Amino acid sequence: MLDQTLANNGAFGVQRALIDTDGNIIKEGENVYLEFGFLVSNTWETMVYENVKLNHRLQLYSDYVKNFGNIDVDWEVNVDLTVNKYVKASIGTHVLYDHDIIFDEVKAADGTITTPGKRKVQFKQLLGVGLVYDF
């Protein structure tokens, strides 16, 4: 992470800065977050009809060091449609689940967790329509 302010705040999973009671930084936050694990990827693309193409991408990841066996999922499915010579459309979904991301966690001022958060599935839908003109 190049932005030290973000690193000091612990953004994107890096170790945050150590701060004394007066708010002074004792040790800067880490700039690198590393994981060592196992990744399985699958991609597939096919023409469903002459003007409809289906794309699928699935990635499954498990960290060897922390929480081995907990699988992070990144799955994307897109359908590209050619309506006519000038109009194209795209419909898709994207599902994410990361075991390390916790939603709605509440921490006290001293850093202790007062309300544990929950792990959730993130879901995104996509609809795109575009005009195409070749010249």
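The values are calculated or read from the model by the stated rules, or taken from the named source; none is laboratory data. Given the structure is predicted, the values throughout are model-derived calculations rather than measurements. Positions of Cβ are generated from backbone atoms using ideal geometry, with glycine treated the same way; all protein chains shown enter the neighbour counts. Areas reflect the complete protein model, heavy atoms only, side chains present, ligands, DNA and RNA absent. Shrake-Rupley method; radii C 1.70, N 1.55, O 1.52, S 1.80 Å.
In the chain, one over the average inverse separation of all distinct C-alpha pairs is 18.8 Å, which is the Kirkwood hydrodynamic radius.
Per residue, the accessible area of the range 4-63 comes to 76 Å², computed with a 1.4 Å probe over protein heavy atoms only.
In terms of its Cα atoms, the range 81-135 spans 63, 18, 12 Å along the principal axes, sorted from long to short.
Contact order, relative form, for the range 1-103: 16 percent (alpha carbon pairs under 8 Å, 6 or more residues apart, mean separation divided by residue count). For the range 19-89, what class follows from the C-alpha gyration tensor (a ≥ b ≥ c being the square roots of its eigenvalues): rounded when a/c is under 1.5, otherwise prolate if a/b is larger than b/c, else oblate? Verdict is oblate for the range 19-89.
Set the Förster distance to 25 Å, then compute FRET efficiency between Asp22 and Thr112 from the Cβ-Cβ distance, nearest 0.05. In this case the efficiency is close to 0.80. Considering only Val52, Val106, Trp75, the residue lying farthest towards the positive end of the dipole of the chain is Val52, judged by Cα position with unit charges set on Cβ. Estimated purely from DSSP H runs of n ≥ 4, each contributing -39500 (n - 2.57), the mean residue ellipticity at 222 nm for the chain is -1000 deg cm²/dmol once divided by its residues. For the set Lys88/Lys120; Lys88/Lys124; Lys66/Lys107, the pairs lying more than 24 angstrom apart at their alpha carbons are Lys88/Lys120. Counting only protein heavy atoms, what percent of the accessible surface of the chain is carbon or sulfur at a 1.4 Å probe? Carbon-and-sulfur percentage of accessible area, whole number: 59. Taking Cα centre as origin and charging only the Cβ of basic (Lys, Arg, +1) and acidic (Asp, Glu, -1) residues, the dipole magnitude of the chain rounds to 480 debye.
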